[in-house]
Each structure stands twice: as structure tokens, then as C-alpha cells.
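First comes the structure, then the notes that go with it.
Quick note: the coordinates plus some simple rules give every number you see, no bench work behind them. Remember, predicted model here, so these are calculated numbers, not experimental data. Neighbour counts run over all protein chains shown; Cβ positions are idealised from the backbone, glycine included.
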Ligand SMILES: Nc1ncnc2c1ncn2[C@@H]1O[C@H](COP(=O)(O)OP(=O)(O)OP(=O)(O)O)[C@@H](O)[C@H]1O
Ligand SMILES: [Mg+2]
């Protein structure tokens, strides 16, 4: 670490590209995490409360898989998923190559957050809907999801932020984006300034997303 | 309208089994306000929740109109439930929806056309007096207003039956009265059958036609409110009534306080128009005995006025006997409480 902090080394065009790549990874992985995690969370919620043996078996299996995926460190998950990733997106590196492991890493996490916020919906309100003749489907879409919306948004915000840290980590294995920039310049070539800039951009992203999330939560909270 | 036959509900199985309802039989007529009263844990909520199958009965029948609720498929049950409104102690409104949307909820479940939803919601808002609050969220309303929304929502689908699970227990006395008046009003206007459960005799006395007293999962007493109220047979029933109107130990002291040689203490009950007539004073004028009122209530059960006085007559014992006979002749109920 004998080099002074010298920002003249920073290649801003490269930073632009890297930021863009990170945002792309983040955008796609967040979207697919939502699309995958939300239904899984709903299924976990519905099957956990059911009295039928079949539903409880589904719950046990699903919960086991979710716990399993959640207990694998992300960096190992990327490596373990390499063949699967190749099969799905036909590459193992770059933005595309990172999306499957990101989604598979984050969706179980998000599914649990969904399950937890759905459980917080007042049982009485669900019963009231039942007493009016609502079907399970109507109860999910017209009662539970709207009532749990603030909690779901808060959970999704946390998930996106977790995904930001995952995308940074994926830089270690050729994931591209700000993480890779920070690793290849900052770590391998001791260009601390590059690492610092990458860090600042990531921190700013986290702050902005948290702020938007908090605003939305406040907006939708009616209690 | 509603017939409940041998209804049994057991929670849990094996050693943890707990039988909350032990063979309930009830007959509730159309247009009637039927109250069920009981202490905490007696099985009131379980009973009312078995009527619309929020709780699956272990055995027995619940027949509404001509439909046995216990034998329906999931879809048939959903359909039947639309004919049965329900309101709750804690209102159970959608906090994410406005008052308007809450009332529209049951209508939208069956894809009612928009114009029809709007017409019906406005009619309901009017009925419960919340027209100005349509755009508010439940969190912005008082408890009484929330219950009005609950009532409007329950009635939006024009049900035949309204089930009320401790609908006024979370409200203050004044608000309770206004909600009870609203229920009575609806019962008259729409000819709706109302089943309500409560632990307050006052609620039963204000609006119910019939009452059943439940204890330990069994109906121990049942009948027209006026009969059960004035002639309670079971200790639990007396307990519910006494708590509100009499103070037993003060009465005992009053009965013992006499020094007269010949005295008899009786409970005199007036029902209906008799309540406001001067029967007692006219009678003692004729017979020449003295009397002291030890305790008394003049009140109403639903619309029927009644009076119940505990009176000690003093004087010649033959005169007292004649007095009691005269009172009975004039259709008062006279019950001797012991000298
Ligand atoms: N879901 C349940 N699982 C197990 N036991 C239950 C359940 N619900 C009620 N019970 C038991 O059944 C009995 C009757 O309960 P219920 O809720 O019907 O009483 P209640 O008369 O409504 O009382 P309260 O006035 O306190 O509401 C109680 O002993 C209660 O512990
Ligand atoms: Mg109860």
C-alpha cells in the first residue's frame, strides 16, 4: 500500500460500464427473485397452516429446500451451480452468468421474508373474508397480499440490498460489474482509489434503495 | 330459519381433546333476534362459528333455511356463506382498504357490476350513517364507526342471517347502545334474523327476543327473554341478572330488618301496561296493610316495560293474605321470599 490515493488512475468510462453491469444484474436478479420468491413464500404460508397431510408434506419439502439453499454460502453456491447456470443461460460469466446463482441465492431468503410478513396479517380479517364466502385464491389476492404489502415491500428492499452485496461478491468469480472492478484493480493491483470509488458507488446504491423502500412502506402503511 | 341439532365440537384429539360444545339443540325463528349468553370459555364463539362453518362441527347438524351447512362442498359452502353476514368483536376490517372498499368487498367477490356495487355501497353507507367517511381508512375511525362499517359490509349482500360475535364488547356503553339500536332497526326494516352472543345481560335485555344461556358447552336455560329474565331457573342465569340489577346481600339485610310481628316479604312482578299503573297503592288502601319497598326495578326488556319490586307487607296476617290475593287477581306475579 505505498501508492498515494490518486484518483487520476480511475478510469471513469470503465466505472460507467461496471455500474451499468451491476445495475443490470441487480435489476434482472431482483425481478426473478420476486417472481420466484413471492409464490414460494405464499405456498409456504398456505401449506404451513393447512390441516391436510398433503399440504404439510409440501411444506416440509419446500421448507427443507429453502433452508438448504439458505445455508450454503453464496460464493459456494455460484460454483456449485456452474453446470446449471451453463444450461440455463449458456454462459457462466458476466451479467448473464450471474443471474441464476443470484436468483437461487436470494429467492429462498425472500420467500421466508414473504412467509413471515403474510403470517403477520390479522387472522380475524382472513376469517371475515372466509365468512363472506371468499375462496382461498380471493383471500390471497384480495386480503393477504394487500394487507401484507408494507411488510412485503420492506422484505423486498432487504432482499435487493442483499443482492447488491452478492453482485459485489460475484466479482471474485468473473461476475463483472463493480465487484470485479474492485477486485481486479483494488485488490490484485493495489489501486486503493479504484476500490474506494467502487465502494462509494455501492454504498450510494444501497442508500437510495433503502430510502425508496422506506418511503413506499410508509406510504402503504395504514395502521 | 336456523335449526341446530345435537351439535358437538371437540378441539384436538387424544389426551389433548377438549369438547367445547356438548350437544347443542336450538331453534331460531325467522326475523328473530336470538341471544346466547355465557361466561368466558362457555363455548359461545365456538357455537356461533359453527353456524357458518368457520369451525367445522365434530358432529350434529346446522340447518339454515333448508340447507344443512355441515354437508356442503367447499364451493356450496362459499355460496351459502354469502347469505349469512357476520360481524366481529374486533371488527376485522381490511386496514389497507377504505370504508367504501371494505363495504364493496363482498360484492366484488362475486363480480358484481360496478354501478351496482356503487349503488349498494352508498345505500349501506346511508343505512349506517357513514356517508361522509367513505374515503377514510379504518385506522381513522372510532370503534363504533368501525363496527358500523362491519355491519354495512355484512349486510351489503342482503343476507338472511346476521351473526354477531361479541359485536359490542370492545365498545363503551354509549356506543354499545347506538350499535344495538342500529341492529334492532335493521332487524325491523329488513326482517333479518340475528344471532348474537355476548356476556352482557344488558345486550340481551335491550334487543333480543329469545335467549339461551350456555355453560360448559351445554344450553342450560332457554326461552323468551322476558321469561328467562324475570324467572331465571338456573344459578348462572340468576348470576347474570343479579350482577346487573340487584345486590343480593343488601337485600338479605333489608329483609331481616323488620320488627313487625306479622310481616311477609314478596317479589311482585309487573309486566307490560301494568307497570305504570298504581295497583299496589290501590290494593293496600283497600286492605289496610302497610308496605315497605326494599328493592325495585322499573325497566324494559326490548319494548316491554316491566317492574320488579321486593315489598314487605306488615299488618294483620289475614289482611296480608288478602292483599296478596288481590295482587294476583290483577295479574301481577307474586312470589314469596320468606318472612
Ligand atoms: N381453536 C381452539 N383450539 C382448542 N381449544 C379451543 C379453541 N377455541 C376454543 N377452544 C376452547 O373451547 C372452549 C370454548 O371456547 P369459546 O371461544 O367458544 O368460548 P367463549 O364462550 O367464546 O369465551 P369468551 O367469552 O372468552 O370469548 C374454551 O375452553 C376454549 O379454550
Ligand atoms: Mg368468544
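Every test in (1) touching a strand residue (DSSP E or B) at 6+ places or on another chain (Cβ under 9 Å); (2) in contact (Cβ under 8 Å) with a residue 60 or more places away in the chain is passed by residue B:224 save one, and that test is (2).
Is one or more of the residues making up segment A:160-179 assigned to a helix (DSSP H, G or I) and within 11 Å of chain B (Cβ to nearest Cβ)? The answer is no, given that none of the residues of segment A:160-179 is assigned to a helix (DSSP H, G or I) and within 11 Å of chain B (Cβ to nearest Cβ). Based on this model, can you work out whether residue A:111 counts as at the interface with another protein chain (Cβ under 10 Å from one of its Cβ atoms) and buried (at least 23 other Cβ atoms within 10 Å of the Cβ)? When the stated conditions are applied, residue A:111 does not pass them.
Residues of segment A:131-159 that are in a loop (DSSP other than H, G, I, E, B) and either in contact (Cβ under 8 Å) with a residue 24 or more places away in the chain or away from chain B (no Cβ under 11 Å) (or both): none at all. Looking at B:132, B:116, B:101, which is the one that is in a helix (DSSP H, G or I) and within 11 Å of chain A (Cβ to nearest Cβ)? The conditions single out B:101. Residue check: is residue B:58 without any contact (Cβ under 8 Å) to a residue 24 or more places away in the chain and either away from ligand 2 (no atom under 16 Å from the Cβ) or over 22 Å from the mean Cα position of the chain (by Cα) (or both)? Criteria not met by residue B:58.
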